[in-house]
1. With only Lys, Arg, Asp and Glu charged, each at its Cβ (+1 for the first two, -1 for the last two), find how big the charge dipole of segment A:36-75 is about the Cα centre; round to the nearest 20 debye.
2. Answer with one residue from A:315, A:239, A:305: the one whose Cα lies farthest towards the positive end of the charge dipole of chain A, charges on Cβ with Lys, Arg +1 and Asp, Glu -1.
3. In percent, how large is the relative contact order of chain A, given Cα pairs closer than 8 Å and 6 or more residues apart?
4. Taking a 19 Å limit on the Cα-Cα distance, which of the listed pairs B:155/B:178; B:263/B:365; A:254/B:59; B:263/B:333; B:130/B:365 fall beyond it?
5. Taking 0.36 nm per intervening residue step and subtracting the Cα-Cα distance, what contour gain separates residue A:476 from residue A:185 on full extension?
6. May I ask you to list the aspartates and glutamates whose Cα is less than 12 Å away from that of residue A:208, ignoring any residue fewer than eight positions away on the same chain?
7. Once you place label points 7 Å from the Cα toward the Cβ at residue A:322 and residue A:129, how far apart are they in nm?
8. Rounding to the nearest 20 debye, state how big the charge dipole of the protein assembly as shown is about its Cα centre with +1 on each Lys and Arg Cβ and -1 on each Asp and Glu Cβ.
Amino acid sequence: VSTYTLEDLRTVEDQCREIAAGELGFEIPEVIYHLVRPEEVYFAAANGLPARYSSARWGAQFDDAYGRYQRGQERVYELIFNTRPVHAYLMDGNSLVAQTLVVAHCLGHAFVFETNEWLGAVDREIMTRVVSAAERIADYMGVYGRDRVEDFLDACHAVAAHQPQAQLIRKARRPEPAQRERPFDVLFPDEVVADRERVAAERANLLKRFPREPEEDVLQFIERHARGLEDWQRDIISIVRSEQSYFLPQMRTKILNEGTAVLFHQEIGQRLFLPTDRYWEFEQLNAVVTQPHPGRVNPYNLGIHILREVMRIAADPDEDERERWGWAGNVDPLEQLRTILRSYDDEALLREFLTPKVCELARLYAFEHVAHDPRRIRISSREADAIRETLIPLHSTLGIPSVVIVDADFRGRGELLLEHRHTGVGLDEEYARGTLSQMALLWGKSVSVKTINARNLDEPVWFTGHPDGRSERSTAEP
Amino acid sequence: MTVVGESGLPHDAGRRDALHHRERVRKKITEQLKERIGEEDIIASGPEKKIRVPVKGTKRWQFILDRGQGKGVGQGDGQPGDILGPPGSRPAPGEAGTEPGEELYEVWLDMDDVEELLFSELELPRLKPKAEADAQSAHTVYNDIARTGPQLDKKATLRENLMRNAKRGRASLGGIAKSDLRYLSYRELPKPREKAVVFLAMDVSGSMTVDRKRMARLFFYWCVQFLRSRYNQTELVFVAHTTEAREVTEEEFFGRVESGGTKVSSAFEAIAQIEQNRYPADDWNIYILHVSDGDNFAADNQRTLELIRRLTETAALVGYLEVDPAGGSRVHKLSAFYEHEAADIDGFVFAGAVDDRELWPALKKFFAREDVQAAVR
């Protein structure tokens, strides 16, 4: 299909890499490119990783996205995987100019994969595990029936996001209850006795409680402690959980990662000295990639605006900025950028650099859903503070409500109790009940979650899902 | 730098998973299709016979925040206070309006599959073996090959010889041995014993507005699709009537525009005539379906009733569907008359439809599988 050869692509990559390493000063790891048919690109995109186990789940996404591609409604240009070496899929049939942009873009991703600490915490040998997991799941489908395995996979995926993410900072254990000695204890013997009793009771309570501390790793807890699971089911739980852990760091660095990739293709594109018609095509493609998305945020767009803001602050700060950032005005902009790319995730990036200027350039607005019609939105503000207040919490939790296991013997019946650590917004009832029924399939008994009432935030509410698919809501502890 | 020509993945992996996915949503689709049977996109599926169906109820469960209280951030034009249309249909995690996007998505379906799904619940009711004599008139088909027999099959014999030679490394004919000989063999195929004819009669008079005609045609479209796919030996007779009735071709039937008054009896008279001449009840299972807006000449009702009584004696089913998208008063309609006078006639079934969604229930009323009907009762 293509009018260029693999040799042409090699030349393009060499040129881009030379510019990135030379003029821009970025050390970039090896990237292996695969020139693949659209169908394969879309299939790998649906899977998230190539050669993943076969499932109707990916089929649904593939059908959807590939259908839109065939109808000309969207086009994926590239796919890149955080493995060692880095693998990238280029879509066969794209013009050489498009491939040039994509190759430059991929070099940006490869740089972030290599240097960013969050992304470095990922198992980069994941492909060997993925392939072997795919074989085992195919076997299970043969033995236990495709539908049964697919249903079980669906149940696992319902809660796969609830796991601690790559931790750069170790979290402290909750201190055990202990009696404190005070200077005047001897004067108040009754209080000392009462205090001793309180501590003893707390200790006893703690020993009874299981898990001892609220457990964030939902699938792992189920894999270890659910009764009545067969070996193949425990294996599937562990596969889903560990594959998911590959994706979470990418989710938390999406804006940073895409921003860098856009910066790379823009900076390299300007230095390639393409003939006018090709440069025009390059620019058009760049405009498509970075166009704003109404009603949501295009990470490519926001990412590049933030990174360019960092570079501007480094090169040309105003007085306030000089005061706030010691490096402002005293550092090479690209050097400062590299420092930030090493250790920031999206949350940190937004907290520090979502400035009023970025909000204006990216034309951001904060919105609320229209009551009774959640598919429609009302713009509530264009102020940077309001935008930050809304956007940062979404990125600190990746949009995943924090749900932890607090009791594995709820009501003394071996049921599971979860708690939603809310930030002022309750759980969606329909989805909570559906998810809990799925969890009950894994746990083997009913699973409940305690959250807050969506209408009245002071009121607790419990949702419960049962293994037979039923579910209910109650306003008193069940 | 390394550029590799391909991914090394199985080439059909995506399609394979997509097939599994479609299989899983099949059931849900069936349920939803029935409500959408009249929608244009299903019928106007084009020469490729593929349609796009939105599937509800295939949610991907996960904990999400209450959607009513959700806040988010977007990009683009607008002032505070402005209300914007639905936010991006599939927000990525961490973005505005987080809602798992699978609540409603679209699948491409083969029309053949759609029909298979729908028609699996239908059958021609009370289909009886007819004309026992047919067993004798079974006809002989030579469609098999044997090692013995009266009639040599030269082509098959030469092929055997060629294959035997080829196995020994000689690519030519020659040296035909006895083991090469092949004979024609036959099987006796009984003629289909359950012969059926379906009369499709449509009111094309002036009172049938564009909307009513469209519904009538939709209904007959599905009838014909169903009969052709499930009973391809069934004969179809198309009758169009105003105050007069005549047999028409299928094309005329679906394309015809006429005007004039309505005498329903004319249709039944024409059917009775055709039946008598070409489809003796001893040899044929007879089904009659009539669709009208029910605006009959009042003076004709009694005559119509008589004909229905007579036809139900021989026919397995006489069905009447009244289409009235406007849903006006039914007092002077044929359905009101039938309700009063014809409710007790065995083999006479009538139904009404005020919109497209009621066409499927009507079709099912006429053609429901007996076990399904029993279950409903």
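1. Result for segment A:36-75 is approximately 40 debye, rounded to the nearest 20.
2. A:239
3. On the way: 682 pairs, mean separation 65.6, N = 478.
RCO, chain A: 14 percent.
4. Values: B:155/B:178 15 Å; B:263/B:365 25 Å; A:254/B:59 25 Å; B:263/B:333 13 Å; B:130/B:365 24 Å.
In this structure, B:263/B:365; A:254/B:59; B:130/B:365 exceed 19 Å between Cα atoms.
5. Numbers: separation 291, 0.36 × 291 = 104.76 nm, distance 4.11 nm.
Length difference between fully extended and current span is 100.7 nm.
6. Those aspartates and glutamates meeting the cut-off are A:407, A:409.
7. Taking the simple label geometry, residue A:322 and residue A:129 are separated by 5.0 nm.
8. Working: 113 positive and 140 negative charges, 529 e Å.
Value, rounded to 20: 2540 debye.
Laboratory data are not the source of any read-out in this text; all were calculated from the coordinates shown. Keep in mind the model is a prediction, meaning the values are calculated, not measured. Cβ atoms come from the backbone with ideal geometry, glycine included; neighbour counts cover every protein chain shown.
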